[in-house]
Amino acid sequence: NFLKEEPIPGIEYELELYKRFIPEIAIEEINNLAKKWVTDHNRVVTVYAPEKEGLTIPTEDELLAVFSEIKSIEIEPYMDKVSDEPLVAIQPEPSQISNIEILEDIGVEIWTLTNGIRVILKSTDFKNDEILFYAYSPGGTSLAPTENYVPASTADWIISDSGLGPFSQIELQKKLSGKIINVSPYLSDLYEGLSGSASPKDMETLFQLIYLYFTAPRRDETAFQAVLERGKGFLENRSARPESAFEDTVKVTMAQYHPRQRPWSLQLLNEMELDKSFSFYQDRFADASDFTFFFVGNFDRKAIAPRILTYLGGLPSVNRKETWKNTGIDPPQGIMKKHVYRGMEEKSITRIIFSGNFEWSRENRYTIQSMAQAFRIKLREVLREDMSGVYGVGVRVKPKHYPEGEYTISISFGCAPDRVEELTNAVFQQIDSLKTTGLTDKYLTKVKEKQRRERETNLKENRFWLNVLKTYDMHNEDFLDILEYEKLIEELSLGNIQKAANQYFNVENYVQITLYPENPPGEN
């Protein structure tokens with residue numbers, strides 16, 4: 001506003017101006033502006049082409065001929081057609097509720113429908129216009145043979161871009177115009193399901209889309225080809241980034257070159273097959289009896305109940321007894337170090353990853369994450385403030401329960417190539433210090449204060465409740481333990497942090513990978 005010398009009357013005043021003037025704008029005015037502004041006398045044509053032998057570049061006359069040809073063509077005005085066909089033409093036969101469990105302390109209800117589906121509900125008043133949902137069922141791509149892993153793992157991309165039932169993706173978007181709604185299928189290693197959100201006024205449409213993703217996925221060859229083309233463009237851009245080669249090296253090293261963890265490439269893209277993807281998706285969503293749905297947000301129980309009974313209760317149920325399979329992807333043992341040389345910029349990235357067995361429990365999960373938070377603060381002080389060696393440093397923990405209890409602790413930092421060894425040594429010195437002498441009360445206090453602030457905010461967020469309910473349910477933990485988080489904070493001690501460091505920082509078992517420019521230090 002300052003640079004353009006525009007006034008700032010305020011958002012309320014501007015809203016009134018919009019309300020007043022937008023209804024007065026006529027299509028003729030828009031068309032006249034186009035004729036006035038787009039002419040033969042204010043046009044610049046720029047041609048970009050690769051330097052490639054044998055490539056013919058269009059001449060100026062050839063380019064001008066294109067414009068002349070277009071001007072001679074009679075072009076009909078665009079007519080936007082929106083189908084009046086309903087999303088769900090035939091209403092499904094509803095189920096009934098066979099059991100209700102009410103957890104008053106956390107405001108949660110757990111319903112079991114007669115077709116086997118579980119529905120976990122938490123009504124909130126945190127946001128007036130938000131309902132979030134998530135659904136999962138055990139299985140995922142682990143149930144696909146390794147030779148069909150690529151079609152299986154890309155099936156959700158393809159279905160998401162293909163529309164639903166008789167509606168193509170474009171037709172579906174038009175059908176949903178003006179609605180605040182989002183529904184997406186997913187296929188992970190161990191689970192398949194749906195996630196999304198909607199405003200309360202669009203609740204009916206939300207449940208219709210959920211129903212259609214189970215019962216009417218669309219096989220669309222055009223959409224499939226579009227996914228392939230976008231994939232090729234993505235890979236071309238990705239291959240130009242040195243960071244991509246670095247991340248690929250981390251991925252294949254940690255998976256010991258397992259065929260299911262191959263980095264994306266044109267070869268991998270060529271393994272995609274529409275029929276195999278469509279068939280795998282249909283199989284994963286053929287039986288809803290082992291699905292669990294979560295709904296969190298501003299909804300009324302009386303309003304949501306008939307939708308649940310009709311659209312979730314009407315989903316197919318054949319009561320298959322199945323779960324995910326362990327596909328045998330394990331991190332390497334011992335010490336492994338790799339260097340990656342890519343790019344010309346004088347910068348390096350180093351990642352040090354510790355891994356090992358993990359006994360899954362709420363307490364262990366909290367302790368390892370708290371230890372990482374405290375160590376992150378310490379490393380930032382040493383590497384960034386004391387040594388002025390990095391802009392930032394990350395310490396990320398990933399505890400896993402399934403298919404086997406294991407953890408990874410990833411330490412990452414970027415720096416000048418000639419300081420990699422110095423800063424890496426500093427990291428291991430700090431790990432040794434953490435294990436032998438521990439930290440001071442300052443770090444414990446910072447971690448606890450941060451956890452309490454975040455918890456206070458989280459308890460008023462729909463997204464937090466959706467994620468925590470999902471996590472506790474997936475791992476068969478007691479929902480009421482959600483209220484015991486403050487007790488975990490109170491019991492956290494410097495001794496707990498030091499003990500966790502000794503347990504999880506095994507300096508005889510880690511992977512260290514560093515990205516260097518193509519001309520490494522010391523080479524000209």
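The values are calculated or read from the model by the stated rules, or taken from the named source; none is laboratory data. Remember, it's a predicted structure, so these values are computed and weren't measured experimentally. Counting neighbours? That spans all protein chains shown, and the Cβs are built from the backbone with ideal geometry, glycine included. The area values use the complete protein model at the heavy-atom level, side chains included, leaving out ligands, DNA and RNA. Shrake-Rupley method; radii C 1.70, N 1.55, O 1.52, S 1.80 Å.
Does the stretch 435-448 contain any residue that is of a type in the set (A, V, I, L, M) and open to solvent by 40 Å² or more (accessible area, probe 1.4 Å)? No, because not a single residue in the stretch 435-448 is of a type in the set (A, V, I, L, M) and open to solvent by 40 Å² or more (accessible area, probe 1.4 Å). Checking each residue in the stretch 350-379 for being in a helix (DSSP H, G or I) and in contact with an Asp or Glu (Cβ under 8 Å, 6 or more places away or on another chain) picks out only Arg362.
The numbered conditions (1) under 20 Å from Val318 (Cα atoms); (2) out of contact with any Phe, Trp or Tyr (no Cβ under 7 Å at 6 or more places or on another chain) are all true for Ile117 except (2). Tell me, yes or no, whether the stretch 309-326 has at least one residue that is among the hydroxyl-bearing types (Ser, Thr, Tyr), outside any loop (DSSP other than H, G, I, E, B) and under 26 Å from Thr215 (Cα atoms). Taking every residue of the stretch 309-326 in turn, at least one turns out to be among the hydroxyl-bearing types (Ser, Thr, Tyr), outside any loop (DSSP other than H, G, I, E, B) and under 26 Å from Thr215 (Cα atoms). Among the residues of the stretch 90-114, those identified as within 18 Å of Thr215 (Cα to Cα), open to solvent by 30 Å² or more (accessible area, probe 1.4 Å) and either assigned to a strand (DSSP E or B) or touching a residue at least 12 places away in the same chain (Cβ under 8 Å) (or both) are Gln91, Glu93, Pro94. Where residues in the stretch 403-418 are open to solvent by 20 Å² or more (accessible area, probe 1.4 Å) and in contact (Cβ under 8 Å) with a residue 60 or more places away in the chain, which of them is farthest from Met371 (Cα to Cα)? Here the answer is Asp418. The set of residues in the stretch 179-202 being open to solvent by 20 Å² or more (accessible area, probe 1.4 Å), of a type outside the set (A, V, I, L, M) and part of a loop (DSSP other than H, G, I, E, B) consists of Lys179, Ser188, Asp189. In the set (1) surrounded by 10 or more Cβ atoms within 10 Å (Cβ to Cβ); (2) free of Cβ contacts under 8 Å to residues at least 12 places away in the same chain, Leu87 fails one condition alone, (2).
Residue-by-condition table, conditions (1) under 30 Å from Leu103 (Cα atoms); (2) buried (at least 19 other Cβ atoms within 10 Å of the Cβ):
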{"residue": "Leu459", "(1), (2)": "yes, no"}
{"residue": "Trp465", "(1), (2)": "yes, yes"}
{"residue": "His475", "(1), (2)": "yes, no"}
{"residue": "Phe479", "(1), (2)": "yes, no"}
{"residue": "Ile482", "(1), (2)": "yes, yes"}
{"residue": "Leu494", "(1), (2)": "no, no"}
{"residue": "Ile497", "(1), (2)": "no, yes"}
{"residue": "Ile513", "(1), (2)": "no, yes"}
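Filter the stretch 340-349 down to residues that are over 24 Å from the mean Cα position of the chain (by Cα) and part of a strand (DSSP E or B) and give me whichever is nearest to Val395 (Cα to Cα). Ranking the candidates gives Ser348 first. With the requirement that a residue be part of a loop (DSSP other than H, G, I, E, B) and either open to solvent by less than 10 Å² (accessible area, probe 1.4 Å) or over 18 Å from Ile210 (Cβ atoms) (or both), what does the stretch 115-141 give you? The answer is Ile117, Thr124, Asp125, Phe126, Lys127, Asn128, Asp129, Gly139. Regarding Ile489, is this residue within 30 Å of Gln333 (Cα to Cα) and among the hydrophobic types (A, V, I, L, M, F, W, C)? Here the answer is no, as Ile489 does not meet what is asked. Of the helices (runs of 4 or more DSSP H) that lie entirely inside the stretch 409-514, those containing 3 or more residues that are closer than 22 Å to Gly389 by Cβ and of a type in the set (S, T, N, Q) span 420-436.
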